[in-house]
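The values are calculated or read from the model by the stated rules, or taken from the named source; none is laboratory data. What you see is a predicted model, and the numbers here were worked out from it, not measured in a lab. Here Cβ is always computed from backbone atoms with ideal geometry, including for glycine, and neighbour counts include all displayed protein chains.
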Number of protein chains: 2
Amino acid sequence: MGAGVTVKDVAKAAGVSVASVSRALNGHKNMAEETRVRILKCAERMRYMPNDAARSLITRRTHTIGTILPDLHGEFFSELIRGIDLAARARGLHLLVSSSHGDAGEAAAALRSMQGRVDGLLIMSPHADPVLLRANLPDSLPAVLMNASAGQSRYPTLSIDNYGGALAMTRHLIACGHRRIAFIAGPAGNLDGDERLRGYQDGLAHAGLTHEATVFAGEFTEESGHAAGQELFRCTPRPDAVFAANDMMAIGCLFALRERDLAIPTDIAVVGFDDIPIARYVTPPLTTVRVRIADLGRSALTRLVAEMEAPGASPESSQVLPCEVVVRTSCGQCFGPHNRSKSSNRFPIAVPINMPGRET
Amino acid sequence: MGAGVTVKDVAKAAGVSVASVSRALNGHKNMAEETRVRILKCAERMRYMPNDAARSLITRRTHTIGTILPDLHGEFFSELIRGIDLAARARGLHLLVSSSHGDAGEAAAALRSMQGRVDGLLIMSPHADPVLLRANLPDSLPAVLMNASAGQSRYPTLSIDNYGGALAMTRHLIACGHRRIAFIAGPAGNLDGDERLRGYQDGLAHAGLTHEATVFAGEFTEESGHAAGQELFRCTPRPDAVFAANDMMAIGCLFALRERDLAIPTDIAVVGFDDIPIARYVTPPLTTVRVRIADLGRSALTRLVAEMEAPGASPESSQVLPCEVVVRTSCGQCFGPHNRSKSSNRFPIAVPINMPGRET
DNA sequence: GATCATGATGTAAACGTTTACATCGCTTCG
DNA sequence: CGAAGCGATGTAAACGTTTACATCATGATC
């Protein structure tokens, strides 16, 4: 008992037809109350559980949404999935996750294998270009892209305001009195990294500091940040601030500078991007740009559900989520407009750039 | 085109029967090579993608495993899912996640909704007692429990060696010369917390230090650790070491002690449990017990697959995963047997307790 | 009392696959 | 030449649901 109990079995036990069982289970209207409870009782007693595969086949609804992710490592994806799950759960949707697609072939296989298992797809993948999607996704399957290069796809796209965040952070550093601001870049070709670099460059340009720009190569890893930190000593004059394209590199850099006995932020300021949990616990606490990752996930799912309910209805297909500068102590004394009060180490002040996203 | 293309359509286009299409697609043996390629070409051209719901219905295989988790917050579940995903991917299995089951009813609903969608289940839930499982799971569905109170269920169970880890850490502290060792406990009734407490108590007992035991209440949160750290000043004589039941509390405690200008580890040692990523970045780097979370996930999945392939075959149904003490600097000078060399801040020495799990 | 609307229930088709079995044509061998 | 064997292919049933439609009893209406 348990497995293998079908509507048929329940029908026989209750002395009715399968149709009645189905109706009772799905709470249809035209039923004698007496029959309904009898059927329900039988189902309960027999530990009947509907087979969702069969149900999906006929209703063409799986109540499941799929997520295609490049990786599952680290706080970023953890948060992203959490945001998605939260929103999905609220709507009674299941979550099918697929990750670690090293190459386009794997990504394609992942896309195809979702066929018939999901009602919609949330996609974040470096390989998710329009042609791959076209070839491996039925036209009728709703999907939302996350963090892709926006605008070029027929799918709605959500992304982080990397440019705006980096611009704001650069301005903040300038407002703190820093002039020779170096940047540690992300891996070549990485879209997020490139946008952050652009924000940094424009921030300097707006202040007439283009000639001060110094860019170190980086790979988004702690090690590459550490290397950049050592590299930095070759510069004369030495920069008075370093802006890393993500927090892990900022932390690596921080350690490299401390190994050479530089005081942070007195001798040199260090700031990052992402606001991973670790950021507030290092010494000194890291000033950074907060990205509301869970919000990205939640928004993407919300957008997807809209698409599922009314395909192609929503006009604005592309959306950019705001970031915010989080001032802690690693950026030094602040005299800029953002500096409302001395910020606590452990309970940082969040400075909204645009409209802040809702808190999780 | 794309969606709605069925075997029937492909069959018509290729001028064969649906059976042949199915055979071609699934690579069966008895087929004329010429027919096969013609069918495959047609399928490709029409962008045919099999409907997995229909396939599952007839084959009774979903190639999907479900995970029931209490929550998705934080590094712990991120790592757990990663470990599971890694192992699942290697076997071509999909992952259906379900989380945040506040009460038994939600957990029950989650279990039932997995019916017909998964080939097996990985369950970690405080509500997953035998009777709930019995009522909501078909007898034939393989499942593996993670971190539950072992032994009382008919399902295989995997858990962390909380007791052994805490015991080893307590011994390590004693070996470092500490005597008045306080403990910050987990939330009341939490199984992991209770086991860690027991390990601490036995560790003291073995050294004849039972009279020195001091236990503070905690909730596994940074705040509760902070509170315990303040509480600690009331003790006379003051403890010379604090062992928190998890890292977040250890960190909260660390900050509380520093706020009162105690030097760590000179004035007082602080150690934790879990080895979350933050642990190595705080100042001073935290000595802690490493739990191989991803390994837990991977092992659980491996065990589940074994169960799926040969139900009830494996004799040993319960398994405990080892932990290891990670010596950094927050525990002070070590003269114990574990101390092979002065450990680096950022590249800690791992000290195996039993047999260390494989590295990810 | 015949007609009709109404509400409860049953019958059977449909969803898109896989696969056991039947069929057919060919080769091979006696 | 006919039987047997075999390989390629087609036919149809099965998986467990949902649901359009048919049926049937009941009571109301004229």
Residue check: is B:Ser56 of a type outside the set (Val, Ile, Thr), facing chain A (nearest Cβ under 9 Å), within 14 Å of DNA strand D (Cβ to nearest atom) and buried (at least 20 other Cβ atoms within 10 Å of the Cβ)?
-> yes
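Residue-by-condition table, conditions (1) exposed (fewer than 15 other Cβ atoms within 10 Å of the Cβ); (2) under 19 Å from A:Ser330 (Cα atoms); (3) without any contact (Cβ under 8 Å) to a residue 24 or more places away in the chain; (4) acidic (Asp, Glu):
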{"residue": "A:Ile184", "(1), (2), (3), (4)": "no, yes, no, no"}
{"residue": "A:Glu195", "(1), (2), (3), (4)": "no, no, no, yes"}
{"residue": "A:Tyr200", "(1), (2), (3), (4)": "no, yes, no, no"}
{"residue": "A:Ala207", "(1), (2), (3), (4)": "no, no, no, no"}
{"residue": "A:Thr210", "(1), (2), (3), (4)": "yes, no, yes, no"}
{"residue": "A:Gly225", "(1), (2), (3), (4)": "no, yes, no, no"}
{"residue": "A:Gly229", "(1), (2), (3), (4)": "no, yes, no, no"}
Taking interchain pairs and intrachain pairs at least six residues apart, which have beta carbon atoms under 9 angstrom, with the first residue in the stretch A:67-96 and more than 27 Å from B:Gly116 (Cα to Cα) and the second in a loop (DSSP other than H, G, I, E, B) and among the charged types (D, E, K, R)?
-> A:Phe77/A:Asp71; A:Glu79/A:Arg292
Output the number of the condition that A:Ile65 fails; it satisfies all remaining conditions of (1) more than 9 Å from every other protein chain (Cβ to nearest Cβ); (2) in contact with a Pro (Cβ under 7 Å, 6 or more places away or on another chain).
-> (2)
When B:Val242 is evaluated against the numbered criteria (1) closer than 18 Å to B:Leu173 by Cα; (2) within 14 Å of chain A (Cβ to nearest Cβ), which criterion, by number, is the only one it fails?
-> (2)
Just wondering, is there one or more residues in the stretch A:215-227 that are modelled with pLDDT of 95 or more, part of a helix (DSSP H, G or I) and touching an Asp or Glu at 6+ places or on another chain (Cβ under 8 Å)?
-> no
Scanning the stretch A:94-107 for residues that are in a loop (DSSP other than H, G, I, E, B) and buried (at least 22 other Cβ atoms within 10 Å of the Cβ), the one farthest from the other protein chains (Cβ to nearest Cβ) turns out to be A:His101
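Say we look at the stretch A:59-92 and pick out the residues that are hydroxyl-bearing (Ser, Thr, Tyr) and within 16 Å of DNA strand D (Cβ to nearest atom); which of these is surrounded by the fewest Cβ atoms within 10 Å (Cβ to Cβ)?
Of the stretch A:59-92, the ones hydroxyl-bearing (Ser, Thr, Tyr) are A:59, A:62, A:64, A:67, A:78.
This time we only want the ones that are within 16 Å of DNA strand D (Cβ to nearest atom), so: A:59, A:62, A:64.
On the way: A:Thr59: 11, A:Thr62: 24, A:Thr64: 21.
Per the stated criteria, the residue is A:Thr59.
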Restricting the stretch A:39-53 to residues that are more than 9 Å from chain B (Cβ to nearest Cβ) and outside any loop (DSSP other than H, G, I, E, B), which is surrounded by the most Cβ atoms within 10 Å (Cβ to Cβ)?
-> A:Ile39
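Would you confirm, using the coordinates I've provided, whether A:Met146 is within 19 Å of A:Val289 (Cβ to Cβ) and either free of Cβ contacts under 8 Å to residues at least 40 places away in the same chain or away from chain B (no Cβ under 13 Å) (or both)? Let's see the steps before the verdict.
Numbers: within 19 Å of A:Val289 (Cβ to Cβ): yes; either free of Cβ contacts under 8 Å to residues at least 40 places away in the same chain or away from chain B (no Cβ under 13 Å) (or both): yes.
It is true that A:Met146 is within 19 Å of A:Val289 (Cβ to Cβ) and either free of Cβ contacts under 8 Å to residues at least 40 places away in the same chain or away from chain B (no Cβ under 13 Å) (or both).
Hey, among the residues in the stretch B:250-267 that are touching a residue at least 40 places away in the same chain (Cβ under 8 Å) and within 14 Å of another protein chain (Cβ to nearest Cβ), which one's surrounded by the fewest Cβ atoms within 10 Å (Cβ to Cβ)?
Quick first cut of the stretch B:250-267, residues touching a residue at least 40 places away in the same chain (Cβ under 8 Å) only: B:250, B:253-254, B:264-266.
Then drop every residue that is not within 14 Å of another protein chain (Cβ to nearest Cβ), which leaves B:250, B:253-254, B:264.
Numbers: B:Ala250: 30, B:Cys253: 32, B:Leu254: 29, B:Ile264: 21.
Among residues in the stretch B:250-267 that are touching a residue at least 40 places away in the same chain (Cβ under 8 Å) and within 14 Å of another protein chain (Cβ to nearest Cβ), the one surrounded by the fewest Cβ atoms within 10 Å (Cβ to Cβ) is B:Ile264.
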Could you grab the pairs with beta carbons closer than 7 Å, sequence gap of 6+ or different chains, first residue in the stretch B:11-38 and assigned to a loop (DSSP other than H, G, I, E, B), second one more than 8 Å from DNA strand C (Cβ to nearest atom) and small (Gly, Ala, Ser)?
-> B:Ser17/B:Ala11; B:Met31/B:Ala24
Could you tell me which numbered condition B:Asp71 fails, if it satisfies all but one of (1) within 10 Å of chain A (Cβ to nearest Cβ); (2) assigned to a helix (DSSP H, G or I)?
-> (2)
Looking only at the stretch A:1-20, which residues are near DNA strand D (Cβ under 7 Å from one of its atoms), of a type in the set (Gly, Ala, Ser) and more than 14 Å from every other protein chain (Cβ to nearest Cβ)?
-> A:Ala19
Which numbered condition B:Arg23 fails, given (1) of a type outside the set (S, T, N, Q); (2) surrounded by 17 or more Cβ atoms within 10 Å (Cβ to Cβ); (3) facing another protein chain (nearest Cβ under 9 Å) = (3)
When only residues in the stretch B:268-280 that are part of a loop (DSSP other than H, G, I, E, B) and modelled with pLDDT of 95 or more count, which is surrounded by the fewest Cβ atoms within 10 Å (Cβ to Cβ)?
-> B:Ile268
Would you check which residues across the stretch A:116-144 are under 25 Å from A:Ser78 (Cα atoms), part of a loop (DSSP other than H, G, I, E, B) and more than 16 Å from DNA strand D (Cβ to nearest atom) and list them?
-> A:Val118, A:Met124, A:Ser125, A:Pro126, A:His127, A:Ala128, A:Asp129, A:Pro142
With respect to A:Val10, determine if the residue is exposed (fewer than 15 other Cβ atoms within 10 Å of the Cβ), more than 9 Å from DNA strand C (Cβ to nearest atom) and more than 41 Å from the chain's Cα centre (by Cα).
-> no
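Would you please name the residue that is farthest from B:Ala24 (Cα to Cα), looking only at residues in the stretch B:45-84 that are away from DNA strand C (no atom under 12 Å from the Cβ) and of a type in the set (Phe, Trp, Tyr)? Full working, then the answer.
First pass over the stretch B:45-84, keeping only residues away from DNA strand C (no atom under 12 Å from the Cβ): B:45, B:62, B:64-84.
If we keep only those that are of a type in the set (Phe, Trp, Tyr) too, we end up with B:76-77.
Details: B:Phe76: 44, B:Phe77: 41 Å.
Checking each candidate, the answer is B:Phe76.
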